[in-house]
Amino acid sequence: MEPLLIPARNPSEWTGPTGNNTWLLAGREPAIVDAGVGDQGHIDEIARALNGVPLRRVLMTHGHPDHAGGIPALRARWPSLVVCRGPIGSGEELRIPAGDGELIVVPTPGHAPDHVCFYDRTSRDLYSGDMVRLGGTIVIPAGQGGSLREYLASLERIRALAPKRLLPGHGLIVDNPAEVIDEYIVHRRMRSEQIAAAIAAGATTVEQIVDRVYPGISDPLRKAAEDTVRAHLENQ
């Protein structure tokens, strides 16, 4: 069954015009990928799509508030709801029933230490959380455990799966995963070169580097840019 996109209704410059994506897999084991933020309209829309069948599981790509903040509200609506978080570094392939099939947990730390993706081997869909997004880039928040080195390795890991589509946590479905992942790797290489050039030109603080590398960046996104610059510096 085709997953149903249900926007989390938390629009912002950070999350996109409709807010976070949540993906509902109906069927024998109704499940949703990511929890949203607890907006009542979002929860009501999930309930309407399920047509009286209780939601069984919520599969978390990671614990950032825009992805995990809705867990209490979902549990209030469906008290028996099971929250599934993929363990990092377990060494074993973890499979979780979802809809009429199962999803495989793929550890993908980097954007967050606990970040995972969920892969459907049958459809070759990969629920990719905050690994990529069309029309933008992914923040690597060094101050919250983000790691550029791990993020780049995670991009290579999901590319090796050869997914047919990426169903991200923000924005549109990615129908050309290999091409987009390669563009992300090139982009990170370019950012590293820009940061090195800013330092060579006399920038001595993260704030000065951001001024040179991200000219005109809006205030809501500035802290994210600073954190990403720190992640690049830690990777040098």
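The values are calculated or read from the model by the stated rules, or taken from the named source; none is laboratory data. All figures in this text were calculated on a predicted structure; none of them were measured in a lab. A quick note on method: Cβ atoms are made from the backbone with ideal geometry, for glycine too, and the neighbour counts reach across all protein chains shown.
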- [ ] State the number of residues belonging to segment 34-55 that are surrounded by 21 or more Cβ atoms within 10 Å (Cβ to Cβ) and charged (D, E, K, R).
- [x] 1
Task: Scan of segment 11-45 for residues that are touching a helix residue (DSSP H, G or I) at 6+ places or on another chain (Cβ under 6 Å) and at pLDDT below 95, ordered by number - done: Glu13, Thr15
TODO: Residues being touching a Lys or Arg at 6+ places or on another chain (Cβ under 9 Å) and either part of a helix (DSSP H, G or I) or in contact (Cβ under 8 Å) with a residue 12 or more places away in the chain (or both): count how many of those fall in segment 208-230.
DONE: 4
Open item on the list: For the structure I just gave you, tell me whether Leu167 is assigned to a strand (DSSP E or B), closer than 22 Å to Gly69 by Cα and aliphatic (A, V, I, L, M).
Closed with: yes
Open item on the list: Testing Lys164 on (1) closer than 20 Å to Thr18 by Cβ; (2) in contact (Cβ under 8 Å) with a residue 12 or more places away in the chain, one condition comes back false. Which one is that?
Closed with: (1)
Open item on the list: So, in segment 186-205, how many residues would count as being part of a helix (DSSP H, G or I) and surrounded by fewer than 18 Cβ atoms within 10 Å (Cβ to Cβ)?
Closed with: 11
Open item on the list: Looking at segment 13-46 only, could you name the residues that are small (Gly, Ala, Ser) and either under 12 Å from Gly169 (Cα atoms) or part of a loop (DSSP other than H, G, I, E, B) (or both)?
Closed with: Gly16, Gly19, Ala26, Gly27, Ala35, Gly36, Gly38
Task: Residue check, Asp120 of a type in the set (Asp, Glu), buried (at least 21 other Cβ atoms within 10 Å of the Cβ), modelled with pLDDT of 95 or more and out of contact with any helix residue (DSSP H, G or I) (no Cβ under 7 Å at 6 or more places or on another chain) - done: yes
